[in-house]
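The values are calculated or read from the model by the stated rules, or taken from the named source; none is laboratory data. Because the structure is a prediction, the values reported are computed rather than measured. All Cβ positions, glycine included, derive from the backbone under ideal geometry; neighbour counts span all protein chains shown. Just so you know, the surface numbers come from the protein's heavy atoms only, side chains and all, with ligands and any DNA or RNA stripped out. Shrake-Rupley method; radii C 1.70, N 1.55, O 1.52, S 1.80 Å.
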Amino acid sequence: MTKSRFTLPAGMLFLVAATMMVALANSKTQSKQEKRPFGKTQDGQPADLYILTNNAGFEVAITNYGGTVVSLKTPDRNGKMADVILGYDSVSGYENGKAYFGGTIGRYGNRIAHGKFILNGATYTLAKNDGENHLHGGLIGFNKRVWNAKDVSSSAGQALELSYMSKDGEEGYPGNLSAKVIFTVLADSNALKIEYSATTDKETVVNLTNHAYFNLAGQGNGNILGHQLTLHAGKFTPVDATLIPTGEVRSVRNTPLDFLKPAAIGARIAQDNEQLTFGKGYDHNWVLDRTSAEVLSVAAEAYDPQSGRVLNVSTTEPGIQFYSGNFLDGTIQGKDGKDYPHRSAFCLETQHFPDSPNHPNFPSTVLKPGQHFRSTTVYKFSTR
Ligand code: GLA
């Protein structure tokens with residue numbers, strides 16, 4: 001008697017509690033992955049948009065056209081969501097665009113001097129698509145290719161795997177390169193993790209990155225000159241007038257390139273400095289103060305005092321290109337009818353150093369058959 005009197009209510013209590021927990025969970029955003037059509041390329045290939053969300057409502061949209069991050073929605077300090085990435089409404093914008101918005105950049109991110117390098121005694125000639133130099137993989141880089149997509153979500157978060165086979169000789173590079181990029185919206189924080197990997201059947205060079213343009217106040221919402229930036233880098237690679245590294249690795253001390261302590265992007269951008277003149281602002285590779293290539297190291301932090309949004313970048317890469325959107329000039333029509341004035345976004349491209357194939361003193365970008373190229377970068381958002 002006594003026993004049944006107590007077990008029955010306890011069982012009911014459990015049922016009520018379980019029902020309440022399910023209801024509570026349903027009232028919050030559910031982690032999910034959705035697929036929508038994103039238009040067709042000029043030659044008729046369909047592209048899709050994959051929308052990855054975590055339980056907190058943090059949302060990243062990626063298209064398999066160019067392995068492109070199209071939008072990223074994250075809250076400000078009052079919980080108000082905004083899309084903090086520049087881009088276009090459909091695939092045709094990306095196809096016609098020249099700014100590399102959000103794209104996966106390959107086979108070689110950044111510049112190669114005169115579009116030439118020597119590997120094993122053979123000279124390889126690449127397109128000169130940036131004055132005299134080769135930039136971001138050439139005329140049709142990885143950001144202008146249609147990738148294969150696969151949902152690889154796990155308990156770590158919603159994840160999308162994109163793969164692309166770059167043929168031997170494509171854009172002048174040697175070797176069939178099988179490239180893979182996994183984008184994960186982490187389940188336990190408002191972060192986008194990007195994992196790159198590649199293998200080749202012939203010795204080649206590889207440098208993969210993402211070219212997201214961020215404005216933490218929201219895309220199309222003013223310039224980024226008031227954003228505060230920290231770069232965990234005591235050195236940078238100075239460039240010539242065509243933005244090719246001279247080969248020197250120079251201290252940032254007493255220069256406007258010192259972001260070891262947080263500084264507003266606009267505070268010193270107009271200073272009379274040869275490097276800033278060459279870059280038309282910031283457009284340089286910083287040498288990260290990291291300890292290991294195996295683990296993620298904190299590379300950069302950007303903070304928008306107005307919205308309170310903070311972006312933390314950590315990476316396994318040795319360098320980061322900080323570009324202050326100097327070529328944006330207001331002529332591009334972006335998402336939701338927004339236009340993108342001068343310096344209305346910044347890029348933090350984790351990478352090996354520009355023109356490494358021509359600088360034996362820089363960390364090597366050579367990939368040999370049998371080796372596995374791997375690189376990871378995490379863009380984590382919070383507020384302050
Ligand atoms: C990179 C380059 C810049 C510029 C942009 C795209 O960040 O370093 O010089 O080409 O891409 O406009």
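For the chain, a crude dipole built from +1 on the beta carbon of Lys and Arg and -1 on the beta carbon of Asp and Glu, taken about the Cα centre, is about 1140 debye to the nearest 20. Are there trypsin sites (Lys or Arg not before Pro) in the range 245-318 that DSSP marks as loop and that have at most 15 other Cβ atoms within 10 Å, and which are they? Sparse-neighbourhood loop trypsin sites (Lys or Arg not before Pro): Arg253, Lys280.
With Cα atoms defining each centre, the range 43-89 and the range 99-136 are spaced 28 Å apart in the structure.
Heavy-atom accessible surface of Asp43, to the nearest 10 Å², is about 110 Å², with a 1.4 Å probe and all protein chains retained. Accessible area per residue (1.4 Å probe, heavy atoms of protein chains only) ranks Glu59, Glu161, Glu274 as Glu274, Glu59, Glu161, with the largest value leading.
Quick one: net charge of Ala241's neighbours, Cβ under 13 Å, K/R +1, D/E -1?
Residues close to Ala241 contribute a combined charge of -3.
Each residue, Lys167 and Ser154, gets one label point 7 Å from its Cα in the Cβ direction; the gap between the two is 3.4 nm. Between Asn78 and Arg374, the distance separating the two model label sites (each 7 Å from Cα on the Cα→Cβ line) works out to 4.5 nm. Surface composition of the chain: carbon and sulfur atoms hold 53% of the protein heavy-atom accessible area at a 1.4 Å probe. For the residues Val295, Val146, Val310, a 1.4 Å probe over the protein chains yields an accessible-area ranking, largest first, of Val295, Val146, Val310.
Annotation: Val366 carries an accessible surface of approximately 50 Å², with a 1.4 Å probe and no ligand, DNA or RNA atoms counted. Could you work out the local net charge near Asn148, counting Lys and Arg as +1, Asp and Glu as -1, over the other residues with Cβ closer than 10 Å to its Cβ? Here the count lands on +1. Multiplying the residue separation of Ile140 and Asn96 by 0.36 nm and removing their Cα-Cα distance gives an extension gain of 14.7 nm.
For the range 282-363, the list of GluC sites (Glu not before Pro) that fall in a loop by DSSP and count at most 10 other C-beta atoms within 10 angstrom reads Glu294. Could you tell me which of His227, Asn133, Ala156 has its Cα farthest along the dipole of the range 32-383 towards the positive end, charges placed at Cβ (Lys, Arg +1; Asp, Glu -1), taken about the Cα centre? In the range 32-383, that residue is Ala156. For the range 32-383, the solvent-accessible area of protein heavy atoms averages 39 Å² per residue (probe radius 1.4 Å; ligands and nucleic acids excluded). Positive end of the dipole of the chain (Cβ unit charges, origin at the Cα centre): among Pro354, Gly121, Gln333, the Cα lying farthest that way belongs to Gln333. For the chain, what does -39500 (n - 2.57) per DSSP helix run (n ≥ 4), summed and divided by total residues, give at 222 nm, in deg cm²/dmol to the nearest 500? Here the helix-only value at 222 nm equals -3000 deg cm²/dmol.
Nearest 10 degrees is fine. How inclined is helix 2-27 to the longest principal axis of the chain, computing both from alpha carbons? Taking Cα atoms only, the helix is inclined about 30 degrees. The alpha carbon gyration tensor of the range 32-383 gives principal lengths a ≥ b ≥ c with a/c below 1.5, which makes the shape rounded.
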